[in-house]
Amino acid sequence: MEKTIKTIGVLTSGGDAPGMNAAVRAVVRTGLVSGLRVVGIKQGYQGLITKNIHEMDAFSVTDITHRGGTILQSARCPEFREEEGMQKAIAVCHEIGIEGIVVIGGDGSFRGASDLSKRGINCVGVPGTIDNDIACTDYTIGYDTALNTARDMVDRLLDTTASHNRCTVVEVMGRGCGDIALNVGIACGATSILVPEVPVNFETDVIDKIQDAKRMGKTHFIIIVAEGVGGAEKLARSIEERTGIASRATILGHVQRGGTPTVRDRVMATRMGNYAVELLVNGKSDRVVAYKNSKIVDFDIQEALQHRKEFAIDTYKMAQTISL
Ligand code: ADP
Ligand code: F6P
């Protein structure tokens, strides 16, 4: 049943992502111009349980779109997954008067949002994660910035790799999703890209590719490996043993989560945050905002969680075919 709400909260949950601040700003400003009271919930669901909640006004979100991280901070909160933790959070919502929440995060955060919705707190999810691993949407906030950060790092590694005629294995983030690896690999002209979606054949995908390129005159090599495949150090050692090419490993790690958000991340986050509040204003709940076919749309959260993300296998094959 649809209900009119007067107070909404906004929280960021799971891994932080550049652009989350622009989404928070859009939620706060859209809420305020819609006549709502808006509160900021700190540290994700943790702050909902511990009542780490602050009134937001138009100036609470001034000058934040260019900042990485999230002014609301983020957390993983195992307690919230238990019924007792959930009930504590609901009690806090009732005490503060929170009737709707915009949850900016990933799939796990949306599961929590759906659980809250089913218990009477209207929730809308906004996809925020650098991994681009949310199946219902073509885009997640933070992905573009992470791509460009990783691209910049690999460009630098290429300089030193070429100067020493070496091979560098670079591990980028993405536990279950190879999107960062694939697109950074293409952008940086990697000799080979290893992703969790495609079984890895060390001989054909790595050694043969390096040997073939070497025969054609190539002197230095970048191998991009996604976190979900892992083993960058071991891979570098094996490449050196098998090919005689001096090899090094670099794990980019959390540097990919920080930094100034790109224009794309800021604008997409703003549009998605604005849309999320419009859903709440229109009495909607248990929805997630998505970007599909160049449009901002929304799905039922449970339906969205059933979607299976399709890996861009044709693009992957193309990259592996043309790379040296
Ligand atoms: P992400 O949102 O990026 O996928 P997590 O999976 O760590 O990150 O989820 C973030 C938080 O969402 C968790 O720490 C927990 O508080 C909450 N959460 C995750 N899964 C569930 C679930 N199945 N039910 C309720 N809450 C959940
Ligand atoms: O979800 C984004 C992500 O950065 C993943 O790529 C990575 O596997 C994970 O978060 C790391 O999370 P944590 O914050 O627990 O180190």
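The values are calculated or read from the model by the stated rules, or taken from the named source; none is laboratory data. None of the values given here were measured: they were computed from a predicted structure. Cβ coordinates were reconstructed from backbone atoms using ideal geometry, including for glycine residues, and neighbour counts include every protein chain displayed. Protein only, heavy atoms only, side chains kept; ligands, DNA and RNA dropped before computing areas. Shrake-Rupley method; radii C 1.70, N 1.55, O 1.52, S 1.80 Å.
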For T260, T219, T65, the accessible-area ranking with a 1.4 Å probe, largest leading, is T260, T219, T65
One finds, for F202 and D159 with R0 = 30 angstrom and r their Cβ-Cβ distance, a FRET efficiency to the nearest 0.05 of 0.65
Computed ³J(HN,Hα) along segment 212-227: with the Karplus parameters 6.51/-1.76/1.60, θ = phi - 60°, integer Hz and x for glycine or proline, the list is 4, 5, 5, 4, 7, x, 6, 10, 8, 9, 10, 10, 9, 10, 6, 3
Where a ≥ b ≥ c are root eigenvalues of the Cα gyration tensor, a/c under 1.5 meaning rounded, otherwise prolate if a/b exceeds b/c and oblate otherwise, segment 136-176 counts as prolate
The simple spin-label model distance between K295 and D138, using points 7 Å out along Cα→Cβ, in nm, is 1.2
The value for segment 214-265 (convex hull of the alpha-carbon atoms, volume per residue, Å³) is 136
Sequence order, segment 103-117: Karplus ³J(HN,Hα) from phi using 6.51 cos²θ - 1.76 cosθ + 1.60, θ = phi - 60°, Hz rounded, Gly and Pro as x, gives 9, 9, x, x, 3, x, 4, 5, 4, x, 5, 5, 4, 5, 4
One finds the C-alpha centres of segment 100-152 and segment 23-71 to be spaced, in Å, by 16
Set K6/K88; K118/K309; K42/K295; K214/K234; K6/K284, cut-off 19 Å on Cα-Cα distance; pairs above it are K6/K88; K118/K309; K42/K295; K214/K234
Between the modelled labels at M216 and D152 (7 Å from Cα along Cα→Cβ) the distance in nm is 3.1
For I141, the residues 5 or more places away or on another chain with a placed amide H closer than 5 Å to its own amide H are G128, T129
The whole-number value in µm²/s of the Stokes-Einstein translational diffusion coefficient for segment 39-109, with Rh from the Kirkwood sum over alpha carbon pairs at 4 °C and 1.567 mPa s, is 100
Here segment 63-78 yields Karplus 3J(HN,Hα) values (6.51, -1.76, 1.60; θ = phi - 60°; whole Hz; Gly and Pro given as x) of 6, 10, 5, 8, 9, x, x, 9, 4, 7, 6, 9, 7, 9, 10, x
Working note, segment 23-142: Cα radius of gyration (Å, one decimal) and Dmax (Å, whole number) are 13.9, 38
Dividing the surface of the Cα convex hull of the chain by four yields a projected area in nm² of 16.5
